[in-house]
Amino acid sequence: MKKLLIVTLLITTIFTFFISPLTEVNAEINHPQNDECMTESAVQLKGDLRKLWIDHTIWTRSYIVSALEGLEDQEKILERLLKNQDDLGDAIKPYYGEEAGQKLAELLREHIIIAGSLVGAVKNEDAAEIDKYNKEWYKNADDISEFLSSANPNWSYNELQDLLYMHLKLVADIVTARVNKDWDADILAFDKGEDHIIVLADALTDGIIKQFPDQFKTTE
């Protein structure tokens, strides 16, 4: 038990190190968009991306629960979670092409695989592995931010990095809460993570609409 508490403290310290430059204001960047002023195609995109990213949080938490408890559905949950990353890649293909969509899916799959390794390291109380995979996780977030910001000038690298770093922190909060059997904290972290992922999804939607305005014009 003492070792587990030490590992938990290490998790908290590591994530605080990465997230400390951020503020709650940066984490909750608001992209106001009045749905009444949006075209049908824009509203459709917004809804589609929100659903995909909310699915991302739902299946991520499901995998964390399954992996930490060693449940029989772990591999099936992982399979569904990885499919979500492919779906997210497919969602940008109409705007950025097949290759870009596959690249995003690849980066997001890496995000999930690293997260799975990190959860395993926490379960095994391996501090060195926690540190290793945590650094890889944040490097992957940097890579995703770089890839997306290079594709769309309306997606700021720093803004995307802030949003992704906060996503990682909130996922880590779920892991820490479940390790400590703090179910209230687990629920709170998931709720905050879901709210935050909608902010991320809307930022992506806004960027696409600004970059490709002709595809979201009102049809007469």
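The values are calculated or read from the model by the stated rules, or taken from the named source; none is laboratory data. Please read all numbers here as calculations on a predicted model, not as lab measurements. In this analysis, Cβ positions are derived from the backbone assuming ideal geometry, glycine residues included, and neighbour counts consider all displayed protein chains.
Brief remarks on what is shown
- Considering the range 142-155, and only residues there that are touching a residue at least 40 places away in the same chain (Cβ under 8 Å) and assigned to a helix (DSSP H, G or I), the residue that is farthest from ALA115 (Cα to Cα) turns out to be ALA151.
- Residues in the range 74-132 that are among the acidic types (Asp, Glu) and not in a helix (DSSP H, G or I) were compared, and the one that is surrounded by the most Cβ atoms within 10 Å (Cβ to Cβ) is GLU125.
- Taken over the range 177-208, the residue count meeting the criterion of being buried (at least 19 other Cβ atoms within 10 Å of the Cβ) and without any contact (Cβ under 8 Å) to a residue 60 or more places away in the chain is 4.
- Contacts under 8 angstrom Cβ, first residue in the range 84-104 being farther than 14 Å from ASN152 by Cβ, partner surrounded by fewer than 16 Cβ atoms within 10 Å (Cβ to Cβ) and not hydrophobic (A, V, I, L, M, F, W, C), 6 or more apart: GLY89/GLN102; GLY89/GLU106
- Among the candidates LEU170, LEU71, the residue that is closer than 22 Å to ILE187 by Cα, of a type in the set (A, V, I, L, M) and surrounded by fewer than 17 Cβ atoms within 10 Å (Cβ to Cβ) is uniquely LEU71.
- None of LYS192, LYS210 is closer than 22 Å to VAL119 by Cβ and among the basic types (Lys, Arg) except LYS192.
- Across the range 45-52, not a single residue is classified as farther than 23 Å from VAL119 by Cα and modelled with pLDDT under 95.
- The residues of the range 184-219 that are in contact with a helix residue (DSSP H, G or I) (Cβ under 6 Å, 6 or more places away or on another chain) and basic (Lys, Arg) amount to a single one, LYS192.
Residues are listed down the side, and each one gets a yes or a no for (1) out of contact with any Asp or Glu (no Cβ under 7 Å at 6 or more places or on another chain); (2) in contact (Cβ under 8 Å) with a residue 40 or more places away in the chain; (3) closer than 24 Å to GLN74 by Cβ:
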site: ARG109; (1), (2), (3): yes, no, yes
site: GLY120; (1), (2), (3): yes, yes, yes
site: GLU129; (1), (2), (3): yes, no, yes
site: TRP137; (1), (2), (3): yes, no, yes
site: TYR157; (1), (2), (3): no, no, no
site: LEU164; (1), (2), (3): yes, no, no
site: VAL171; (1), (2), (3): yes, yes, yes
site: VAL175; (1), (2), (3): yes, yes, yes
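- Unmet requirement for ASP162, which otherwise passes all of (1) assigned to a helix (DSSP H, G or I); (2) at pLDDT 95 or above; (3) surrounded by fewer than 18 Cβ atoms within 10 Å (Cβ to Cβ); (4) not hydroxyl-bearing (Ser, Thr, Tyr): (3)
- Residue list for the range 209-220, filter: without any contact (Cβ under 8 Å) to a residue 12 or more places away in the chain and either part of a helix (DSSP H, G or I) or closer than 21 Å to LEU164 by Cα (or both): PRO213, ASP214
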